[in-house]
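Worksheet: the structure to be examined is printed underneath.
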Amino acid sequence: MREAAAGPDGRLRCPWSLGSAEYLSYHDAEWGRPVRDDIGVFERICLEGFQSGLSWLIILRKRENFRTAFAGFDPVTVAEFGPADVTRLLADTGIVRNRAKIEATINNARAALGLPAGLAATVWSYAPSQDGAAGEDVAPQTLDDIPAWTPASKALSAELRRAGFRFTGPVTVYATMQACGVVDDHLAGCYLRRAYRG
């Protein structure tokens, strides 16, 4: 199933959302809604980094544990984490215990604090034009029309890496842009397509 499909209430949705209750809730209540604060964007870029190589469902099911473990993803607090926190996090069975990803999260908090415009403003500076220009904001018809990365996510990834970020390749960055509503990848038939645009 690659096109928008009816959910339990009969409304058409992106088909990936119909695989579990967690996916459905995430799709309906969060995915694609604009997130414009640094903490919210930092959480999503971190979770996308932790997801690399894993199912997103694993991350959704552990999300509250991640929030507790990483102080609500407040970059100011996470930037102060030290070796004892890494040890604590590696022992926390409620999260994904991957040393490289844990250390990258702490590193990325420090890098985020160094961005002159802030993390959210930096990410949103790569939003596509909303003026109807050719090739911009074209609604995907099926999942096959959604790219894994875009030139914008590649450019943003490069900017973040220059700033010292890790685990922020073009695919992870594009997933963050989707999650934060920077791009609208709800399918054309999905009832939420363009629901959050002004």
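I need the phi-derived Karplus couplings for region 9-17: 6.51 cos²θ - 1.76 cosθ + 1.60, θ = phi - 60°, integer Hz, Gly and Pro marked x.
9, x, 6, 6, 9, 4, x, 4, 6
Taking just the alpha-carbon atoms of region 1-89, what radius of gyration and Dmax come out, in angstrom?
My reading of the Cα-based Rg and Dmax gives 15.7, 50 Å.
With only Lys, Arg, Asp and Glu charged, each at its Cβ (+1 for the first two, -1 for the last two), find how big the charge dipole of region 1-81 is about the Cα centre; round to the nearest 20 debye. Before the final figure, lay out the partial values.
Working: 10 positive and 12 negative charges, 59 e Å.
Rounded to the nearest 20 debye, it is 280 debye.
Can you put Leu113, Leu54 in order of Cβ neighbours within 10 angstrom, beginning with the fewest? All intermediate terms of the calculation are to be shown ahead of the outcome.
Details: Leu113 15, Leu54 12.
In increasing order of surrounding Cβ atoms, one gets Leu54, Leu113.
Only counting other Cβ atoms within 10 Å, I'd like Met1, Met177 sorted with the fewest neighbours first.
Working: Met1 9, Met177 26.
Starting with the residue having the fewest Cβ neighbours, the order is Met1, Met177.
State the answer as a single residue: which of Phe50, Ala148, Gly10 lies farthest towards the positive end of the charge dipole of the chain, with beta carbon charges of +1 for Lys and Arg and -1 for Asp and Glu, about the Cα centre.
The one lying farthest along the dipole's positive direction is Phe50.
Mind checking region 69-113 for chymotrypsin sites (Phe, Trp or Tyr not before Pro) that DSSP puts in a loop (not H, G, I, E or B) and that have at most 14 other Cβ atoms within 10 Å?
Details: sites: Phe70, Phe73, Phe81; in loops: Phe70, Phe81.
Passing both the DSSP loop test and the Cβ count: no residue.
Using the Kirkwood formula on the Cα atoms of region 155-195, what hydrodynamic radius do you get, in angstrom to one decimal? Show your work: numbers first, answer last.
On the way: mean 1/r = 0.0886 Å⁻¹.
Radius from the Kirkwood sum: 11.3 Å.
Scan region 96-178 for trypsin sites (Lys or Arg not before Pro) in coil per DSSP, keeping those whose Cβ has at most 13 other Cβ atoms within 10 Å, and list them by number. Walk me through the intermediate numbers first.
On the way: sites: Arg97, Arg99, Lys101, Arg110, Lys154, Arg161, Arg162, Arg166; in loops: Arg97, Arg166.
The qualifying sites are Arg97.
The chain: longest stretch without exposed GluC sites (Glu not before Pro) (DSSP loop, at most 16 other Cβ within 10 Å), sites themselves excluded?
On the way: sites that count: Glu30, Glu80, Glu136.
Longest stretch, sites excluded: 137-198.
Using the Kirkwood radius built from alpha carbon pairs, what does the Stokes-Einstein equation give as D for the chain at 37 °C and 0.692 mPa s, in µm² per second? Working shown, then result.
On the way: Rh = 17.4 Å.
The Stokes-Einstein estimate is 189 µm²/s.
Given an 8 Å cut-off on Cα distances and at least 6 residues of separation, report the relative contact order of the chain as a percent.
32 percent
In region 29-77, with Lys and Arg counted as +1 and Asp and Glu as -1 at Cβ, which of these residues, Ile59, Val76, Val41, has the Cα nearest the positive end of the dipole, that is, farthest along it?
Ile59
No lab work stands behind these numbers, since they all come straight from the coordinates. Because the structure is predicted, anything quoted here is derived from the model rather than measured. Neighbour counts run over all protein chains shown; Cβ positions are idealised from the backbone, glycine included.
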